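For reference, the structure is listed below as structure tokens.
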Amino acid sequence: MKNYDYLVVGSGLFGAVFTYEAMKRGKSVLVIDRRDHIAGNIYTKEEDGINVHVYGAHIFHTSDKKIWEYMNQFAEFNNYINSPVAVYGDELYNLPFNMNTFSKMWGIKTPAEAKAKIADQIKELNITEPKNLEEQALSLVGTDVYEKLIKGYTQKQWGRPCDELPAFIIKRLPLRFTYDNNYFNDRFQGIPMGGYTQIVEKMLKGADVVLNQDYFELAKSGKLSDGTEVAWNKLVFTGQIDEYYDSCYGPLEYRSVRFETEKLDCDNYQGNAVVNYTAADVPYTRIIEHKHFEFGTQPTTIISKEYSSEWQPGVEPYYPVNNDKNNAVYEQYAKRASEEKNVIFGGRLGQYKYYDMDKVVMAALDCVNEEL
């Protein structure tokens with residue numbers, strides 16, 4: 001029998017950071033993962049010299065210098081700036097909503113003109129108390145931006161019409177009255193040169209790592225899939241918290257994403273890493289061209305079309321659906337989790353919360369510091 005201080009379930013960013021920090025403090029760690037690879041959703045795979053973001057675009061950005069420096073010890077980051085483009089029919093717009101967007105949409109040049117145009121559209125709608133997401137968005141950005149850049153995209157993301165979605169999903173829609181296509185406001189931003197998988201490999205060095213291993217089978221038998229008997233003092237669980245508790249308070253809802261990835265015999269398919277398709281009649285939400293994340297000059301290219309879908313058991317969950325109903329259910333799980341002495345829940349699924357990568361790293365570091 002092999003004994004460990006910690007069993008970490010899931011080798012994504014939260015589990016990897018926790019493992020790295022625990023081992024630095026002299027703890028023994030066993031890491032298991034259901035998948036056949038490490039790194040969770042930030043997994044990147046090299047194909048034809050291109051680092052493919054297998055589970056969608058992951059752009060690291062933060063305003064926390066300590067978190068930026070922490071990540072840079074594992075890989076050198078480039079100076080990639082996220083500047084998505086939106087396609088609506090035959091029209092093409094810059095994102096986020098900024099003066100380049102407004103200039104193209106209305107043929108105007110100054111911030112005053114753009115503000116006046118948006119204010120006029122909002123005034124005509126006369127929405128005083130938004131009852132749903134559609135009314136909320138219209139009351140923030142007016143008709144044109146909503147119809148062309150928000151309505152169809154949001155409908156595809158959530159799988160239901162905007163007038164059936166709650167208003168609180170869109171608390172604010174940032175409008176920038178400068179000619180600036182930088183999507184993020186954070187001071188630090190970039191992509192690790194060579195992909196994300198190398199980062200997790202370095203974090204997990206020294207730990208015992210077992211792939212294609214289901215936690216619940218291990219918990220039942222006390223044996224790994226190869227027959228090795230193992231025991232652990234504490235559990236770090238980064239899977240679905242409702243699954244851990246056998247959905248005793250009811251299942252939580254998630255959104256999932258399906259990817260269609262293909263190699264194309266051209267050196268540049270769309271001229272940008274991220275292109276959103278905002279019309280409802282285009283089935284996918286966006287196309288990622290992976291080589292542009294690292295300014296690639298390879299003779300071929302690889303693209304991924306993203307299709308948003310409802311989560312079903314057996315499919316990878318991506319985003320928690322944090323509406324009032326689900327949050328109320330999660331609070332019951334969270335209360336039970338807080339009473340556990342030897343179980344730590346972390347990450348998007350374990351804490352049922354949408355986390356940017358820097359916040360995942362911060363949460364894992366806080367957790368280790370509190371624990372050890």
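Residues in the range 77-92 that are open to solvent by 70 Å² or more (accessible area, probe 1.4 Å) and in a loop (DSSP other than H, G, I, E, B): ASN79, ILE81, ASP90. Number of residues in the range 298-314 that are open to solvent by 30 Å² or more (accessible area, probe 1.4 Å) and not in a strand (DSSP E or B): the value is 6. For the range 100-118, which positions are buried (at least 16 other Cβ atoms within 10 Å of the Cβ) and small (Gly, Ala, Ser)? Selection gives SER103, ALA114. Scanning the range 119-177 for residues that are modelled with pLDDT under 95, outside any loop (DSSP other than H, G, I, E, B) and open to solvent by less than 40 Å² (accessible area, probe 1.4 Å) turns up just one, ALA167.
Only residues that are in contact with a His (Cβ under 7 Å, 6 or more places away or on another chain), open to solvent by 20 Å² or more (accessible area, probe 1.4 Å) and either acidic (Asp, Glu) or closer than 13 Å to SER11 by Cα (or both) were counted across the range 186-203, and they come to 1.
With the requirement that a residue be assigned to a loop (DSSP other than H, G, I, E, B) and surrounded by 14 or more Cβ atoms within 10 Å (Cβ to Cβ), what does the range 262-279 give you?
Within the range 262-279, ASN268, TYR269, GLN270, ASN272, ALA273, THR278, ALA279 qualify.
Taking (1) among the hydrophobic types (A, V, I, L, M, F, W, C); (2) at positive phi; (3) buried (at least 20 other Cβ atoms within 10 Å of the Cβ) in turn, PHE295 satisfies each apart from (3).
Counting only residues that are free of Cβ contacts under 8 Å to residues at least 60 places away in the same chain, give me the helices (runs of 4 or more DSSP H) lying completely in the range 320-372 with at least 2 of them.
324-338, 357-371
Taking every residue in the range 204-230 that is on the phi < 0 side of the Ramachandran plot and pairing it with any residue that is open to solvent by 90 Å² or more (accessible area, probe 1.4 Å) and assigned to a helix (DSSP H, G or I), at least 6 positions away or on another chain, the pairs with Cβ-Cβ distances below 8 Å are SER225/GLU217. Given TYR277, TYR307, TYR269, which one is touching a residue at least 24 places away in the same chain (Cβ under 8 Å), within 19 Å of PRO96 (Cβ to Cβ) and aromatic (Phe, Trp, Tyr)? Residue meeting the stated conditions: TYR277.
The values are calculated or read from the model by the stated rules, or taken from the named source; none is laboratory data. Here the structure is a predicted model, which is why all the values come from computation and not from measurement. For neighbour counting, all protein chains shown are included, and Cβ atoms are generated from backbone atoms with ideal geometry for every residue, glycine included. Protein only, heavy atoms only, side chains kept; ligands, DNA and RNA dropped before computing areas. Shrake-Rupley method; radii C 1.70, N 1.55, O 1.52, S 1.80 Å.
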